[in-house]
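The structure appears below as structure tokens.
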Protein chains: 2
Amino acid sequence: MKRSDDDDVWKALSDRTRRGVVDVLAERAHTTGELVDAFPDLSRTAVMKHLDVLEAAGLLIVTREGRLRWNTLNVAPLQRIFDAWVSPRAAGLAAAGHRLKQHVESRSRKKGRS
Amino acid sequence: MKRSDDDDVWKALSDRTRRGVVDVLAERAHTTGELVDAFPDLSRTAVMKHLDVLEAAGLLIVTREGRLRWNTLNVAPLQRIFDAWVSPRAAGLAAAGHRLKQHVESRSRKKGRS
DNA sequence: TTCATATGTCACCCGACAGTGACATGTCAA
DNA sequence: TTGACATGTCACTGTCGGGTGACATATGAA
């Protein structure tokens, strides 16, 4: 299951605009048209391509109702990349900080770029 | 401070190889040469470019010792994007799941594309 | 049926980015 | 001083991603 890497999710979230879309959808589900209105600087085509990327990453659940398309946020992938990746590393913050301090002190102190 | 968006960090982490570098550095600091050895499929130049990106995002702290360059992971940006972004949304998982369920049930049940 | 609305698809443009080899610089040791 | 080693920099390439307009399809209402 789940090719274990979640590269799609990272790629999807790497774009500022798409994170904005996720932001909007975090409040409530939107139709594609509503989303287009929410991003006046983008063409409808651009918004739809972002939605495609988000959907492919599993961040979006799409349901159709007549000629309307409802886009609903799915936070599961967010949870996943956090659990699998960010959390373990950020948890070691103190340890890493200590490691770094130790490292820097034990070695060169001549540098430090401006 | 910190243009508040952390786009650099997201962009830096969007690349699978760079996440691999972060992985390696999570264990201990490496010199650039050691990192190059750790990624046999990449040229030295490619590895250095990845390091540049990571450093620009603040994920890397670079110290120089003679002709050696030590690359140390800085987890602070990770912590930051998590705190500011992933955590609040992922925390609402249950609520969002409920919202979705509600939404789907209250509307169309005719569709679902193969 | 007819027409406006909402969405889907296509072809194309352009800049960003990952990757490379060649060459330059700096540092340590013999 | 000389040479090997570690790193820095440059010019170039191909691909991918975000953006667009034009056109096609589907649905609801008059």
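Bear in mind that the values in this text are calculations on the coordinates, not laboratory data. Bear in mind that the values here come from a model prediction, so they are computed numbers and not experimental data. Using ideal geometry, Cβ is built from the backbone for each residue, glycine included, and neighbour counts are taken over all protein chains shown.
The other copies place their A:E27 label points at 4.7 nm from this one, listed shortest first, where each point is 7 Å from Cα along Cα→Cβ.
Quick one: Cα centre-to-centre distance for the range A:1-59 and the range B:46-64, in angstrom? Answer, in whole Å: 29. Counted over all Cα-Cα pairs of the range B:1-91, pairs farther apart than 16 Å make up 53 percent.
Between B:T17 and A:T17, the simple spin-label model (points 7 angstrom out along Cα→Cβ) gives 2.6 nm.
Suppose R0 equals 35 Å. What FRET efficiency, 1/(1 + (r/R0)^6) with r the Cβ-Cβ distance, do B:T45 and A:R64 give to the nearest 0.05? Efficiency computed from Cβ-Cβ geometry: 0.15.
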